[in-house]
Each structure stands twice: as C-alpha cells, then as structure tokens.
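A quick write-up on the structure given underneath.
The values are calculated or read from the model by the stated rules, or taken from the named source; none is laboratory data. What you see is a predicted model; the values in this text were computed from it and never measured. All Cβ positions, even for glycine, are placed from backbone atoms using ideal geometry, and neighbour counts span all protein chains on display. The protein model used for the area step is the full one, side chains on, heavy atoms only, and it has no ligands, DNA or RNA in it. Shrake-Rupley method; radii C 1.70, N 1.55, O 1.52, S 1.80 Å.
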Amino acid sequence: MRWYTRRRSRTVCLSLVVASLSLHLLLTVLSRSVYQNHCDAPSPRQTHLNTLRALVDTNYTSRMLDNYATYAKTPPDTRKVNSSHMDSNGTQEMSEKDAVTTKMAVKVGHGHKEEGPVDSLTMTVRVGKFGSMGIKPMGSGMSKLEALFSHPLYNMPTPPIPEDDWLLKVKPKGKAGEMSTQMCPLEQECDSHPLAEVPSPPVWLQKSGGTQLKLVMSFPNYGQAILKPMKQERDEETNFNLYYFSDFERHNAEIAAFHLDRVLGYRRIPPAIGRLVDVVTEIKDITTDHKLARTFFTSPVNNVCFYGQCSYYCSTEHAVCGRPQNLEASLAMMLPDTSLATRRSWRSPWKRSYSRSKLAVWEKDPDYCDTVKKTPPYNKGTRLVDLIDMTILDFLMGNMDRHHYETFEKFGNNTFLLHLDNGRAFGRHSTDEPSILTPLEQCCRIRRSTLLHLRLLSLPQYRLSDVMRESLSHDPLFSVAPLLSELHLSALDRRLVTVLQTVSRCQERQRSRHGEGDDDVIYDDVTDYKTLVKHVTPAG
C-alpha cells in the first residue's frame, strides 16, 4: 500500500512540473511576440533635435526647477549611482573600463574643437574601474558625457580660420613631410628667436610671483607645465573665518576647473591633469633650482617634504609633504612664452577690494554696470559677455579670486578671455557665494549659446553633476579618489539653478520695462541654431 501511494505521489509531482514548464514556455513565446511589435527607440539625432526644441520652451525654467527639486531630495551619498534612475530617456549602465588609455588634447579658445596633439604635454589618461558612470540614453549607446559632446550645440559649424587668426605656426623642416615642433609667430622667423639656440631647457624651476608654492616643469620642445601640489584633503572645506585671499590653492580645483570649462563649452582653460609625483627621484634629484633644492627635508614621520619660496605659505609650517615620497599634484599646460605670443593682463571691473574692511565700488553701486558698459573695451564687441561667461564659471565652482584675466594681444578686442589660475575654486560646497554673480545680476546680459548650454546641462539626460563625475573619472588621480566629492557635484546642480533663475529675472525685468522681447538680455551668437530649430518636427 505504501509503495502504491508513493508511486502515485511521484506521478502527480511530475505532472505538475511538466504543466509548469509548458506554461512558462507559452508565456515566453507570447512575450517575445509582444516586444517585437513595439516601436524602435528614437535615434540619437531625433533625441538631440527634440531637445533643441525643448530648450526654447518659455516654461522651461519652472520645469527645470521641478527637476532639480526632485533630484535634490536624493541623499548625496546615493546620487553617484541612483541619480541615473531619474533619466526617463535612458537606463543606468556602469562602464568597467580598466587600464584603458586615451589622450586628451584641447585647443584653448572659443569655437575651436578639442582635437589634435598637444605638443608640449601629451596627457595619457588611465581610466579606473567604473570610470564612466554616466547614463546611456536609450537607443544611443552613448554615456551622458558622450551624448553631451555629440549634441549639435557642441558641434556648431564654424567658418574656416583665416591665416591671420592663427596665433602660432609650425615651421617646416628641410625634408618633405617633416615638421618642426617649434612654434613661431607669423611675423617672425624661428631661427631668429633666442629659444632656437638653447640646447636644452632646465627642469623643475620655482615659479616666481604668487602667494603659494608652484613649480614649473620644462619639456625638451620648450613647452612648459605648471605643477600645483596637494595642500589639503579633497573633502576639507575652507574655514569660514578665512578670507578668500588667504585661502589655500587646491590641486584638484585646477583639474576640475579644466573639466568644467570644457563641459560648459568654453574651452578657455589650458589642459590640466592629475599626477602622482615622487618628490625625491622626480623633483629633488633633477631640479636645477638650487634655492628650491635647499628647502627639502624629512618630517618626523619620515615623509619627504619641501616648501620652496613664495610670499605666503612657503615655510616649514606649510610644507608640502609626500606619503612618504608620493605627492598628488595638478599639472597644467602653460601658454606659449610671451616672446612668442604676447599676452595682456586686464583688471576685472568686478575685482574685489582684497581688504578686510573696505568694499569695492561695485559692491556699493547697484548701477555700476552702466558705467562699465560705457568704458572700453566693454562698450563694443563681445568683451562684456565674455566676462559674464567667466563669471558663471566662477560662480559654479565658488571661485572668488578672479582679480585679473588675460587675452592674447595679437587679436586686440576680437578675442576670448583666458580662464587661468583656478586653484581657489571648489573650496566650499555647503554654501554659495551670490556676489560672484554680480556682473550677470547688474548687467543682465548673456550669450544665447551660453544660456542654451546651461539649460541643456540642467536636463536629467545631461545633468551637470553626472557629466562632470564621468569626465573627472578619466583623470589618473581618480584611481586614488574622486577629484570632487558628491557634495561638490551636488553644489554644481544647485548653483546652475541659481544662474538660470538670475537670467529669468533679467528677462522678466526686461519684459516689464519694454514689453515682449529680451534683445537686451540675450546676445544672439547662434543664428544657425534658429534655422535648425525651425525645421525640427515636434516630439510626438
């Protein structure tokens, strides 16, 4: 009897298993037939064009604020991964590229694409594990950063560059096909330049001037790079009782500023990259600067330190120390020698007083911009909107130390600004400094291309914090630690909202004074964009 009961139970179980498998197979077949009837995902081109049309939506600001409000509710420590889920046009995907090398090369200047070799500083970048954390928009197969740089706003057609618009040229050698790496001004011959007779440049010199320690590295082709060593931890905020002009310079700020400038579409900061340097074998043992060499010493915990010479923080109390010999640093490509490409330094009209008790004129006069607009070179051309571009960059990264800027003298007023010396940026993430935006607030003037870039970077599929996180993950120091903390990345999104709110207030002010139109607010530098949007089919 037991045997019969056991056999019957086994038969029933087998029957249930067969029925279950058959049901699963039937469901699978039905599911595949349903999925095959779905529409294909929109092409990247369609997505970009629809995005372009959305950027001119009059209700854009309120929708952008809603997006950020939702994003801001996400805990900062989970945004690195979970913020990707906010993108309705894509799915989260981590790219595990380990030990991949690429070469970054950027031409400094507005309107120049980032291509071609950097002769004096080839920057080989090692991408760490999980190096690319952007979202890949549906159907595009691209990360957020890749999608951003493939967007039409970052690929606007530009006219051919006339011969007179080249700052430097390369002199051909005698043999056909060979080119010299030596750069010369168009109006001079290379052979007459004193650099042509120097056998080899010195390496690791102390940079003169400035308040803090900087080193200059020279290359065999006479190019140079400036090194700023690590002075404090990445997550350490600037002391709130410290004046901006007494703040430490940060190596990661120089690197992050280069990436942010590139993401904003400016391309006015020379390439900067992180490096781990052996302070003994790669600096002390090979420097030709005897004053610098005399400042090396070993700390009580056997770390090798040095302090160099400068006007503020160059003493044993403020020494730069390796761990025990390895030192984090930023290495930024220096501009051509002034004998090759003369530069002019301009005092910023909104320069701070650099006093503990006095205010600058612009801090006391709300109509100060009216005076600036009447003063050369801000009374014509693009100089004013160029300066406001720089203002927006500084506000996003919290840089209060922009007292001067430089231009290449060759081009007169028809040129771009050089966004140099950004070491005091990214000092605080918990608070913003609204006074940095004063030029935009007072002048109510902005490039249309700049505004479109900012709007694009506030959209979930191109969010500024996400593309910056991905871009910075390509720096060699990412393998040590992220260049910017999640709190700093979140601050970028928050400050971007503030910039767009400021522009919206300017537009509302313009409409209240003159009715419809914002011609006094927007400097229209992208007429081709209007033609492009006009022929875009509305999203269905």
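Some notes on this structure:
- Annotation: amide H of residue 523 within the under-5 Å range of 446, 447, 448, sequence separation 5 or more or interchain, hydrogens built in the peptide plane.
- Normalising by residue count, region 394-446 has a Cα convex hull of 92 Å³ per residue.
- Set the Cα radius of gyration of region 454-519 against 2.2 N^0.38 Å, with N its number of residues, and you get 1.55.
- By accessible area with a 1.4 Å probe, ligands and nucleic acids excluded, highest first: order of 268, 344, 402: 344, 402, 268
- Using R0 = 51 Å, the C-beta based FRET efficiency linking residue 494 and residue 23 works out to 0.50.
- Overall shape: oblate for region 350-424, with the ratio a/c of the largest to smallest alpha carbon gyration tensor axis at 1.5 or above and b/c at least equal to a/b.
- Per-residue SASA remark: residue 313, around 30 Å² accessible (1.4 Å probe; ligands, DNA and RNA not included).
- Given 169/373; 373/410; 144/351; 228/284; 291/410, the pairs whose alpha carbons are separated by over 25 Å: 169/373; 144/351; 291/410
- Residue-normalised accessible area of region 423-516, expressed per residue, 1.4 Å probe, Å²: 30 Å²
- Total formal charge among the other residues, if their Cβ is under 12 angstrom from that of residue 400, Lys/Arg +1 and Asp/Glu -1: 0
- Separation of the residue 354 and residue 411 label points, Cα + 7 Å toward Cβ, nm: 2.7 nm
- Tail weight of P(r) past 19 Å, computed on alpha-carbon pairs of region 230-382, percent: 71 percent
- Exposure of residue 218 as accessible area (Å², to 10), given a probe of 1.4 Å and all protein chains: 10 Å²
- Residue 479-residue 519 FRET efficiency (beta carbon distance; Förster radius 41 Å; 0.05 resolution): 0.25
- In nm, spacing of pseudo-spin labels at residue 508 and residue 290 (7 Å Cα→C-beta vector): 6.7 nm
- Derived scalar couplings between HN and Hα for region 345-360 equal 9, 10, 6, 5, x, 9, 4, 6, 6, 6, 10, 7, 10, 9, 9, 6 Hz in order, rounded to whole Hz, by the Karplus curve 6.51 cos²θ - 1.76 cosθ + 1.60 (θ = phi - 60°), x for Gly and Pro.
- Working note: Cα atoms of region 278-349, range along each principal axis, descending, whole Å: 46, 28, 22.
- Accessible surface ranking for 149, 395, 1.4 angstrom probe, highest first: 149, 395.
- Residue 367 accessible area, assembled protein chains, probe 1.4 Å, Å²: 90 Å²
- Projected over every direction and averaged, the convex hull enclosing the alpha-carbon atoms of region 310-367 yields 8.2 nm².
- Accessible surface, 1.4 Å probe, highest first, among residues 362, 166, 346: 166, 346, 362
- Hz values of 3J(HN,Hα) by residue in region 415-430 - Karplus curve (6.51, -1.76, 1.60), Gly and Pro given as x: 8, 10, 8, 9, 8, 9, 6, 10, x, 9, 7, 6, x, 9, 10, 7
- Rg/Rh for region 377-524 stands at 0.99; both radii use Cα atoms, and Rh follows the Kirkwood definition.
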